[in-house]
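J.: Here it is, the structure, as structure tokens.
The values are calculated or read from the model by the stated rules, or taken from the named source; none is laboratory data. Predicted, not measured: the structure shown is a model, and the values here were computed from it. With ideal geometry, Cβ positions are generated from the backbone for all residues, glycine too; neighbour counts draw on all protein chains shown.
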Ligand SMILES: C[S@@+](CC[C@H](N)C(=O)[O-])C[C@H]1O[C@@H](n2cnc3c(N)ncnc32)[C@H](O)[C@@H]1O
């Protein structure tokens, strides 16, 4: 069995210890022989062995850093890479990196590391979106659209584990209705429009135009005229710290009597009554509450009147949904 290679700056640095040997093969070999007790031939052999070992370590390092760089394309979260690689140990073995079955050019260990980096990156983006305003989130994602792709690959993996995806409930509900104008605010990959877009007119908004169905914007300011929408939907999309501005925008675009449909992660809404009260203050009337699902709560409102001219701030009404650090 091959000896594990410690892929750390320290061990990589040890390769330079060959400099002692380099000195020993020049004109001062006799002095070194006296010191080390090794013959010239033996010294030469040991130098070759050291050089080969150093090259093996360099190769391992190069392959490992390739995994890190391909899975963290953005420059905005270097700390995550450092934390993930640093905390989980950078020690790996030559056999596990070099000799295990390779899939898509990556060994099993490299694939595992890549998954960990993806997970860490998802949690970082998720936290950033929940702890900043819509404007700042828009700027962040516009500056680096890969954030959206990385976020959604992590988000989809999470939701796949849920017994029901709330989008499917909205789709089912809309399927049974006559033609409507729908605004899907924070639409993600726009599954709603892709599914019921022929039956209804669906306007899909998100931070990035992931596909041609989506208009990129901050959902606090959508490019729709006032009073033109029958149904406004926030499916797990009240992420910004200024989410009341999103609610007010939904109120602006909805006609009086239009429906506001919200699905939110259960753990975010610590006080349902306070949340409902805050929406009533913005001109909505509660029509239906569904708490039958363990993962998310669904609330239906009707627009009763325009939002008041001034918004009241509601700190702590929705908790940020932050995944546990592993
Ligand atoms: C948890 S995902 C849900 C996506 C989709 N509604 C679904 O259920 O599949 C929340 C979405 O809201 C978007 N989002 C969050 N804040 C936003 C903002 N201020 N403006 C536009 N989109 C926003 C995110 O980019 C993300 O795609």
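J.: Any residue at all in segment 156-164 that's touching a residue at least 12 places away in the same chain (Cβ under 8 Å), closer than 25 Å to residue 251 by Cα, out of contact with any strand residue (DSSP E or B) (no Cβ under 6 Å at 6 or more places or on another chain) and within 14 Å of the ligand (Cβ to nearest atom)?
T.: Scanning segment 156-164 turns up no residue that is touching a residue at least 12 places away in the same chain (Cβ under 8 Å), closer than 25 Å to residue 251 by Cα, out of contact with any strand residue (DSSP E or B) (no Cβ under 6 Å at 6 or more places or on another chain) and within 14 Å of the ligand (Cβ to nearest atom).
J.: Also: Determine, yes or no, whether residue 299 is away from the ligand (no atom under 14 Å from the Cβ), closer than 19 Å to residue 173 by Cβ and in contact with a helix residue (DSSP H, G or I) (Cβ under 9 Å, 6 or more places away or on another chain).
T.: For residue 299, the condition - away from the ligand (no atom under 14 Å from the Cβ), closer than 19 Å to residue 173 by Cβ and in contact with a helix residue (DSSP H, G or I) (Cβ under 9 Å, 6 or more places away or on another chain) - is met.
J.: Looking only at segment 169-199, count every residue that is part of a loop (DSSP other than H, G, I, E, B) and more than 12 Å from the ligand (Cβ to nearest atom) and tell me the total.
T.: Of the residues in that region, 8 qualify.
J.: Determine the pairs where a residue that is in contact (Cβ under 8 Å) with a residue 24 or more places away in the chain and under 12 Å from residue 209 (Cα atoms), located within segment 125-150, has a partner that is more than 9 Å from the ligand (Cβ to nearest atom) and not in a helix (DSSP H, G or I) with Cβ atoms under 8 Å apart, the partner being 6 or more residues away or on another chain.
T.: From residues that are in contact (Cβ under 8 Å) with a residue 24 or more places away in the chain and under 12 Å from residue 209 (Cα atoms), the pairs are 146/73; 146/74.
J.: So, one more: Counting just the residues of segment 205-254 that are touching a strand residue (DSSP E or B) at 6+ places or on another chain (Cβ under 7 Å) and free of Cβ contacts under 8 Å to residues at least 12 places away in the same chain, which one comes out nearest to residue 192 (Cα to Cα)?
T.: 209
J.: It is to be established whether one or more residues within segment 127-140 are within 23 Å of residue 293 (Cβ to Cβ), within 12 Å of the ligand (Cβ to nearest atom) and within 18 Å of the chain's Cα centre (by Cα).
T.: So far as segment 127-140 goes, yes, one or more of its residues are within 23 Å of residue 293 (Cβ to Cβ), within 12 Å of the ligand (Cβ to nearest atom) and within 18 Å of the chain's Cα centre (by Cα).
J.: Counting residues that are over 30 Å from residue 163 (Cβ atoms), which strands (runs of 3 or more DSSP E) fully inside segment 209-326 reach at least 3?
T.: 254-265
J.: Could you tell me whether segment 149-164 includes any residue that is surrounded by 13 or more Cβ atoms within 10 Å (Cβ to Cβ), outside the structural domain of residue 118 (by TED's automatic domain parsing), on the phi > 0 side of the Ramachandran plot and within 18 Å of the chain's Cα centre (by Cα)?
T.: For segment 149-164, residues surrounded by 13 or more Cβ atoms within 10 Å (Cβ to Cβ), outside the structural domain of residue 118 (by TED's automatic domain parsing), on the phi > 0 side of the Ramachandran plot and within 18 Å of the chain's Cα centre (by Cα): absent.
J.: In contact with a strand residue (DSSP E or B) (Cβ under 8 Å, 6 or more places away or on another chain), closer than 24 Å to residue 318 by Cα and not assigned by TED's automatic domain parsing to the domain that holds residue 248: does that describe residue 170?
T.: no
J.: Filter segment 201-217 for residues that are touching a helix residue (DSSP H, G or I) at 6+ places or on another chain (Cβ under 6 Å) and more than 11 Å from the ligand (Cβ to nearest atom); which is nearest to residue 297 (Cα to Cα)?
T.: Restricting to residues being touching a helix residue (DSSP H, G or I) at 6+ places or on another chain (Cβ under 6 Å) and more than 11 Å from the ligand (Cβ to nearest atom), the top hit is 202.
J.: Can you go through 208, 202, 141, 167 and tell me which one is at pLDDT 95 or above and more than 29 Å from residue 123 (Cβ to Cβ)?
T.: 202
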